[in-house]
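See structure below.
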Amino acid sequence: MIRFLAKRLLHGLAVLWVVVTLTFVLLRILPGGPFDSERRLPPEIMANIQAKYHLDEPWLKQYARYLAGVAQGDLGPSYKYIDRTVSDIIKDTLPTSTLLGVLALVFAVVLAFPLAVAAAAYHNRWADRGCVFLATLGISLPHFLLGAALIWVFSLKLGWFQAARWGSPDSAVLPTITLGAMPCAYFTYLLRSSLLETLGEDFIRTARAKGLKEPFVLFKHAVRNSLIPVLTLLGPLFATLVAGSFVVEYVFAIPGMGRFFISAVTDRDYPLITGVTLVYTAILVCANLLVDMCYSLVDPRIRVR
Amino acid sequence: MKLFQRLAGEFRRNRLLTASLAFIALVTLAGFLAPLISPYSPGGFEEQRLLEVPSAAHWLGTDELGRDVLTRILYGARVSIAVGLGTALIALLIGTFYGLVSGYAGGALDSFLMRVVDIFYGLPDLLIFVLLSLFLGRNITGVLIALGLITWVRFARITRGQVLQAKELIYVEGARAIGASHVRILLRHILPNIFAPLLVTLTFSIPAAILSESTLSFIGLGINDPYNAWGTSWGTLAQDGWRAMRTYPHLIFFPALAIFLTILAFNFLGNGLRDILDPKRN
């Protein structure tokens, strides 16, 4: 178990290193720099700025400095927000993004469970077809369209919920649904097909043969055994959540990390871009590690590999 | 060829599949023929007819510069289809080659190549896509290559898994026994045998690419190339509509519908293909 986890942890570190290096290199080959503006700065001021941010040093030295900083949790200064460091910005925005992600995940799982169980229990009947149809709709609907549609109906027409900003519970409803819809559809899909496979197993026939009531067979025997294969496929689910969150933050004007990523790209705020990408990657790595841990706890065969 | 005959038979029986395929054909054709069938020229302004609701002259209305929305959507179809198909093909080429080599070679090379794929899998792909497209250029070609460079790992994993199974089969052993070269075994014996799962993955990669491209164009980080002759991305059209949604909802509604229906049709097609080609089904 320890060896397995150590291996996964090492793999996670490798992913992080690749991301840091990739963003570092990409952002430095890009034409133009963070301080190119409409009005050309006098060369001596430019030289001062370059020196302040160590941009005049050779790349390798900058890279080593950055890596050393990251190892100590220092993601460097922001070029755009002069009085704040990247770590400050992330510290301020990460809780918001995390809360949104967790809400959406809870929404997705709570809704997907009954849908998937109903679909599997009534396989090939209208309930099943309806669930599959809904799930396909959910997978095909881009976040920005769902968000726009929800805002139009529930904020502009009906006036039930706030259309933007973040803070009160009623401002969280629409973003949660928008972000949760796609993972929910995805989860319903996976759980349904896993349940269908389990329901064809011998031990289900045995359970039925010994006269167990159908709900008992379904929930006690089938659902439990169907969750294991679904667990391994949760990694891509987290990836959808992360990718979706910065679109949802944009649409609903939520002050999260994703919004800063978008403006950092337009502003060429290189340390902020790298920092936010790194944090997103770290979240994905941790989520995958957690999934691996759950999986190896549930299914001992995995640990051997 | 037997595969295609079987597919044709299944398509005739399944109406949802036929409808999806017909819609995809329609969108592709609309994109190709946009200059011929669109009622107005793509850059045609009418200063007197700004932000009009749908009418007989402008079926889907006009935007804030008096451009015909239907024309813009028809031209936008080219962008979406080109990005979807182009990405899927690039990913297919890179990923299949990678997977074939990895699975067939086995051993240390295989574990090294798969370690690389694992790392790619752990990346937040939409963010990496943004960075890559900044580097490759925010035009159709740049976006297409950037997306392809992210999507190929899917093909690599699936191909490799399939090759691992296929290379143990009796007829591959037979081919090896009569002295067929590695390239011949891979291309003539293994590749045709693993065609079905690749086709399914290909079908699902197209809507995923269209989704990513339109999403990023919507938030202003995607295609930004207003002077090209191809047309404007549906995501950008939706963004234009989004800003005026309160007063002119038709401006976001039609591009949104185009994106949604196209992605939906591809997903239905993918689901159908997967069910038909599933070896466990028969």
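Within the stretch B:101-138, the set of residues being closer than 26 Å to A:Val291 by Cα, among the aromatic types (Phe, Trp, Tyr) and more than 12 Å from every other protein chain (Cβ to nearest Cβ) comprises just one member, B:Phe112.
When the stretch A:45-72 is filtered for residues that are part of a helix (DSSP H, G or I) and open to solvent by 80 Å² or more (accessible area, probe 1.4 Å), the ones remaining, listed by number, are A:Asn48, A:Lys52, A:Trp59, A:Leu60, A:Lys61, A:Arg65, A:Ala71.
When B:Leu216, B:Leu186, B:Leu198, B:Leu211 are checked against the criterion of being aliphatic (A, V, I, L, M), touching a Leu at 6+ places or on another chain (Cβ under 6 Å) and buried (at least 18 other Cβ atoms within 10 Å of the Cβ), a single residue qualifies: B:Leu186.
Taking the stretch A:284-305 as the range and being open to solvent by 20 Å² or more (accessible area, probe 1.4 Å), in a helix (DSSP H, G or I) and at pLDDT below 80 as the test, the residues that pass are A:Asp292, A:Met293, A:Cys294, A:Tyr295, A:Leu297, A:Val298, A:Arg301, A:Ile302, A:Arg303, A:Val304. Checked against the criterion of being within 14 Å of chain B (Cβ to nearest Cβ), surrounded by 15 or more Cβ atoms within 10 Å (Cβ to Cβ) and within 24 Å of A:Arg192 (Cβ to Cβ), the candidates A:Val117, A:Val132, A:Val109 yield just one match: A:Val132.
Please work out which residue is nearest to B:Phe120 (Cα to Cα), limiting yourself to the stretch A:242-255 and to residues that are open to solvent by less than 20 Å² (accessible area, probe 1.4 Å) and at pLDDT 85 or above. The selected residue is A:Gly244. Reported count of residues in the stretch B:259-282, each being open to solvent by less than 30 Å² (accessible area, probe 1.4 Å) and more than 7 Å from chain A (Cβ to nearest Cβ), is 9. Here B:Ile263 clears all of (1) among the aliphatic types (A, V, I, L, M); (2) touching a Pro at 6+ places or on another chain (Cβ under 6 Å); (3) over 19 Å from B:Gly31 (Cβ atoms) except the condition numbered (3). All conditions but one from (1) within 23 Å of A:Tyr186 (Cβ to Cβ); (2) surrounded by 18 or more Cβ atoms within 10 Å (Cβ to Cβ) apply to B:Gly241; the one that does not is (1). Testing A:His54 on (1) under 26 Å from the mean Cα position of the chain (by Cα); (2) farther than 12 Å from A:Tyr270 by Cα, one condition comes back false. Which one is that? Only one criterion in (1) under 26 Å from the mean Cα position of the chain (by Cα); (2) farther than 12 Å from A:Tyr270 by Cα is unmet by A:His54, namely (1). Picking from residues in the stretch B:244-258 that are of a type in the set (A, V, I, L, M) and open to solvent by less than 40 Å² (accessible area, probe 1.4 Å), the one that is nearest to B:Leu33 (Cα to Cα) is B:Ala258. Taken together, the criteria place B:Val172 among residues that are more than 14 Å from chain A (Cβ to nearest Cβ), of a type outside the set (Phe, Trp, Tyr) and over 25 Å from B:Tyr121 (Cβ atoms).
When A:Leu41, A:Leu103 are checked against the criterion of being modelled with pLDDT of 85 or more and either more than 14 Å from every other protein chain (Cβ to nearest Cβ) or assigned to a loop (DSSP other than H, G, I, E, B) (or both), A:Leu103 stands alone in meeting it.
Scanning the stretch A:127-161 for residues that are in contact (Cβ under 8 Å) with a residue 12 or more places away in the chain, of a type outside the set (Val, Ile, Thr) and over 30 Å from B:Gly272 (Cβ atoms) yields A:Phe154, A:Ser155, A:Phe161. As a summary of the residue check, A:Asp170 satisfies the conditions (1) open to solvent by less than 50 Å² (accessible area, probe 1.4 Å); (2) out of contact with any Gly (no Cβ under 8 Å at 6 or more places or on another chain); (3) outside any loop (DSSP other than H, G, I, E, B) except for the one numbered (1). Here is the figure for the stretch A:73-88: residues that are in a loop (DSSP other than H, G, I, E, B), surrounded by 14 or more Cβ atoms within 10 Å (Cβ to Cβ) and of a type in the set (Asp, Glu) total 1. Selection of the stretch A:233-283 for residues being under 23 Å from A:Thr85 (Cβ atoms) and in a loop (DSSP other than H, G, I, E, B) yields A:Ile254, A:Pro255, A:Gly256, A:Arg268, A:Asp269.
Filtering B:Thr215, B:Thr236 for residues that are part of a helix (DSSP H, G or I), touching a His at 6+ places or on another chain (Cβ under 8 Å) and within 14 Å of chain A (Cβ to nearest Cβ) leaves a single hit, B:Thr215.
The values are calculated or read from the model by the stated rules, or taken from the named source; none is laboratory data. Quantities reported herein were computed from a predicted structural model and do not represent experimental measurements. For neighbour counting, all protein chains shown are included, and Cβ atoms are generated from backbone atoms with ideal geometry for every residue, glycine included. SASA here: full protein model, heavy atoms, side chains in, ligands and nucleic acids out. Shrake-Rupley method; radii C 1.70, N 1.55, O 1.52, S 1.80 Å.
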